[in-house]
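In what follows, a structure is listed as structure tokens, so that the remarks can point back to it.
The values are calculated or read from the model by the stated rules, or taken from the named source; none is laboratory data. Values in this document were obtained by computation on a predicted structure and should not be read as measured data. Neighbour counts are summed over all protein chains in view; Cβ atoms, including those assigned to glycine, are modelled from backbone coordinates with ideal geometry. We work out accessible area using only protein heavy atoms, side chains counted, and drop any ligands, DNA or RNA first. Shrake-Rupley method; radii C 1.70, N 1.55, O 1.52, S 1.80 Å.
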Amino acid sequence: MDAGVVGSGTRSDVAVPARATSAHAAGWVLRSAVAADIEVIAELRATVMRADLERLGRYDEHRVRQRLRDSFSPQHTSIIMIDRELAGCVTVRPAEDRQWLEHFYLAPHCQGQGLGSTVLRTVLERTDAQGMTVGLNVLQGSAARRLYERHGFVVEAQDPIDVFMMRPPGAMAGTKA
């Protein structure tokens with residue numbers, strides 16, 4: 001998934017109410033990213049995106065990490081923690097007419113258990129409260145697209161590699177994990 005939580009940059013570990021029933025989705029917190037997180041997030045990105053990038057003939061061992069390094073913004077990124085261990089990250093970056101959901105990655109052992117839906121719901125509640133449209137792009141054929149569609153995202157445009165999606169504020173958000 002290539003999509004963070006809007007933050008003031010002053011957040012510390014923040015407990016977020018659990019809405020899912022799985023063990024992984026129940027005990028998570030967000031903390032503000034710091035510059036020192038960059039390499040662990042770059043590695044997480046490489047791991048999570050490898051299969052989709054290989055399927056598209058686009059995997060490059062160096063580039064997959066460097067693209068994260070080039071766009072990493074700790075002030076707009078939150079680290080998803082479970083039991084004091086990094087479970088993922090998410091970035092919400094302000095843009096001209098919307099918020100961009102970027103670098104939304106979950107460690108493989110945390111996927112498929114409702115955590116992605118729970119974190120995404122939290123992000124969307126915040127952007128809805130601000131009256132903001134949210135945009136993102138996801139790789140063609142990625143399973144993450146179904147997650148976004150369940151939460152009210154619709155296709156805006158696509159090319160052979162990326163699907164660009166958007167969600168207006170207050171759009172019907174799914175509750176299924």
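Test A144 against the criterion of being within 19 Å of D162 (Cα to Cα) and under 11 Å from the mean Cα position of the chain (by Cα), and give yes or no.
On the way: within 19 Å of D162 (Cα to Cα): yes; under 11 Å from the mean Cα position of the chain (by Cα): yes.
Yes; evaluated as a whole, the condition is true for this residue.
Can you tell which of R121, R93 is farther than 17 Å from A143 by Cα, part of a strand (DSSP E or B), open to solvent by 10 Å² or more (accessible area, probe 1.4 Å) and not small (G, A, S)?
Numbers: R121 fails: part of a strand (DSSP E or B).
Selected residue: R93, the only one of R121, R93 that is farther than 17 Å from A143 by Cα, part of a strand (DSSP E or B), open to solvent by 10 Å² or more (accessible area, probe 1.4 Å) and not small (G, A, S).
Out of the residues in the stretch 31-90 that are assigned to a strand (DSSP E or B) and of a type in the set (D, E, K, R), state the one that is nearest to the chain's Cα centre (by Cα).
Looking only at the stretch 31-90, we keep the residues that are assigned to a strand (DSSP E or B), and these are 31-32, 77-82, 85-90.
Okay, now just the ones that are also of a type in the set (D, E, K, R), so 31, 85.
Values: R31: 14, E85: 17 Å.
Ranking the candidates gives R31 first.
Considering only residues of the stretch 75-88 that are of a type outside the set (D, E, K, R) and under 11 Å from V29 (Cα atoms), which is most open to solvent (accessible area, probe 1.4 Å)?
The initial filter retains those residues of the stretch 75-88 that are of a type outside the set (D, E, K, R), namely 75-82, 86-88.
If we keep only those that are under 11 Å from V29 (Cα atoms) too, we end up with 78-82, 86-88.
Details: S78: 0, I79: 0, I80: 0, M81: 25, I82: 18, L86: 50, A87: 1, G88: 0 Å².
Step by step, filter the stretch 75-88, then rank; the result is L86.
Scanning the stretch 96-118 for residues that are in contact with a His (Cβ under 8 Å, 6 or more places away or on another chain) and in a loop (DSSP other than H, G, I, E, B), which turns out nearest to E156 (Cα to Cα)?
Among them, the one singled out is G114.
Give R63, R98 a once-over and let me know the one that is among the basic types (K, R) and open to solvent by 70 Å² or more (accessible area, probe 1.4 Å).
Values: R98 fails: open to solvent by 70 Å² or more (accessible area, probe 1.4 Å).
Just a single option satisfies the conditions, and that option is R63.
Which pairs do you get when a residue that is under 21 Å from V48 (Cβ atoms), found in the stretch 140-166, comes within reach of a residue that is in a loop (DSSP other than H, G, I, E, B) and open to solvent by 70 Å² or more (accessible area, probe 1.4 Å), reach meaning Cβ atoms under 7 angstrom, with the pair 6+ apart or on two chains?
Taking only residues 6 or more apart or on different chains, the pairs are Q140/P160; R150/K176; I161/R58.
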